[in-house]
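Asker: Let me begin by handing over the structure; questions about it come next.
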Amino acid sequence: MKRPRILLTNDDGIRAPGLAALAEAMEALGEIVIIAPSEEMSATGHAVSVNKLHTLQPVHRAGRLFGHAFDGWPADCVKFAIGRWLETPPDLVASGINLGPNLGTNVPYSGTVAAAVEAAMLGVPGIAVSTERPAPGRTADFGPAARIAAQLARDVLQRGIAPGVALNVNVPLVPESEIRGWRVAPQGCSRIRDLFEPAGEDEKGSPIWSNRGFEFLPSPNGGETDDWALAQGYVAITPIGYDMTAYGQMEEWRKRISGK
Ligand code: MN
């Protein structure tokens, strides 16, 4: 079997430590190609650029080429890498490791997840990996999430993944021995509530509002959702797609429009 090629990207920017940890863990699995946003692009969702010029700059780490910084959104990086930069599509796209979980209603906001979904749209298996945020003043250990990402990647490289499907993976930020196991969990309806506060006025006297604070609201109705699994200390794995059709509502709407 030929050595697989793995494209890595993220939304925290090419210099984020989570990407370096992911690259280190994935190196044993194949040839690594990194194209990631030149700056942090968190919470930019599945944004793409239209009619824009993009710079592409080599980035070195520890004296060798690490990857290329592309000044675009995370999905742009994947579109450019697969559509133009690489002569043949990669065998896998892995995105992350994001600093901060991507759960529930936050998933559509996530650039990390969007990059993996973009890969799925282009017919390449995609994995998005995120880990919890450390307590203020602490740094995150990306090691456990990186090793789990590599284990999943090995499986995906061997057995593939259904067309149009990507994996959204959230890993607890605890020592590896404290991870309770892996759970396949549906996307819940946890959400982030922004705490808007007045923050003075601009020079023209218009009010300024700050949303620097936020509150995490877990899925309200119980059930073994992605946020539940993560909070319980499990690795939460959610197979996701880009088809937003609410299949359970198809019949209802066929009835409502009957005769039209
Ligand atoms: Mn991010």
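Throughout, read-outs are computed from the coordinates displayed, never taken from laboratory work. Keep in mind that what you see is a predicted model, and the values were worked out from it rather than measured. Note: ideal-geometry Cβ built from the backbone for every residue, glycine included; neighbour counts use all protein chains shown.
Asker: Would you mind ranking 234, 247, 242 so that the residue whose beta carbon has the fewest other beta carbons within 10 Å leads the list?
Answerer: Details: 234 21, 247 7, 242 13.
Sorted ascending by nearby Cβ count, the order is 247, 242, 234.
Asker: Top mean-square fluctuation among 100, 30, 63, Gaussian network model of the chain, C-alpha springs under 10 Å?
Answerer: 63
Asker: In addition: Using Cβ contacts closer than 10 Å as the measure, can you line up 238, 105, 112, 9 from fewest to most? Spell out each step's value before the answer.
Answerer: On the way: 238 24, 105 14, 112 30, 9 34.
With the fewest neighbours first, 238, 105, 112, 9 line up as 105, 238, 112, 9.
Asker: Something else: Starting from the amide H of residue 234, placed 1.01 Å from N in the peptide plane, find each other amide H under 5 Å away whose residue is 5 or more places distant or on another chain.
Answerer: Amide H to amide H, under 5 Å and 5 or more residues apart or across chains, residue 234 pairs with 180.
Asker: OK, next. With springs only between Cα atoms under 10 Å, which of 194, 202, 12 fluctuates most in a Gaussian network model of the chain?
Answerer: Between 194, 202, 12, it is 202 that shows the largest mean-square fluctuation.
Asker: Follow-up question, since we're still on this one. Assuming R0 = 30 Å, what is the FRET efficiency of residue 31 and residue 57, from their Cβ-Cβ distance, to the nearest 0.05?
Answerer: Details: r = 21 Å, r/R0 = 0.69.
Working from the Cβ atoms, E equals 0.90.
Asker: Could you identify which residue out of 142, 80, 216 has the top mean-square fluctuation in a GNM of the chain using Cα springs shorter than 10 Å?
Answerer: So, out of 142, 80, 216, the one fluctuating most is 216.
Asker: A further question on this structure: Taking the Kirkwood radius as the inverse of the mean 1/r across Cα pairs, report the Rg/Rh of segment 22-145.
Answerer: When Rh is taken as the Kirkwood radius, the ratio is 0.95.
Asker: Now, a different point. Please turn the phi angles of segment 83-96 into ³J(HN,Hα) values with the Karplus equation 6.51 cos²θ - 1.76 cosθ + 1.60 (θ = phi - 60°), one per residue in order, whole Hz, x for glycine and proline.
Answerer: x, 9, 6, 8, 6, 10, x, x, 7, 7, 10, 10, 10, x
Asker: With each run of n ≥ 4 DSSP H residues scored as -39500 (n - 2.57), what mean residue ellipticity at 222 nm is computed for the chain after dividing by its residue count and rounding to the nearest 500 deg cm²/dmol? Let's see the in-between values first.
Answerer: Numbers: 6 runs with 58 residues, N = 260.
-6500 deg cm²/dmol, from helical runs alone.
Asker: Moving to a separate point now. When only C-alpha pairs under 8 Å and at least 6 residues apart count, what is the relative contact order of the chain, in percent? Please report the intermediate quantities before stating the final value.
Answerer: Details: 579 pairs, mean separation 44.9, N = 260.
RCO, the chain: 17 percent.
Asker: Still on this structure: In which sequence would 173, 157 go, from the one with the fewest C-beta neighbours within 10 Å to the one with the most? Before the final figure, lay out the partial values.
Answerer: Numbers: 173 20, 157 17.
Neighbour counts put them in this order, fewest first: 157, 173.
Asker: Cα atoms only: what Rg and Dmax, in Å, come out for segment 65-217?
Answerer: 18.2, 61
Asker: Taking 0.36 nm per residue of separation and subtracting the Cα-Cα distance, what length does fully extending residue 105 through residue 47 add?
Answerer: Working: separation 58, 0.36 × 58 = 20.88 nm, distance 1.67 nm.
My answer for the length gained is 19.2 nm.
Asker: If you take all C-alpha pairs in the chain, what percent of them are over 26 Å apart?
Answerer: On the way: 14410 of 33670 pairs.
Considering the chain, 43 percent of its Cα-Cα pairs are separated by more than 26 Å.
Asker: Still on this structure, I have one more. Once you place label points 7 Å from the Cα toward the Cβ at residue 40 and residue 254, how far apart are they in nm?
Answerer: Between residue 40 and residue 254, the simple spin-label model gives 4.8 nm.
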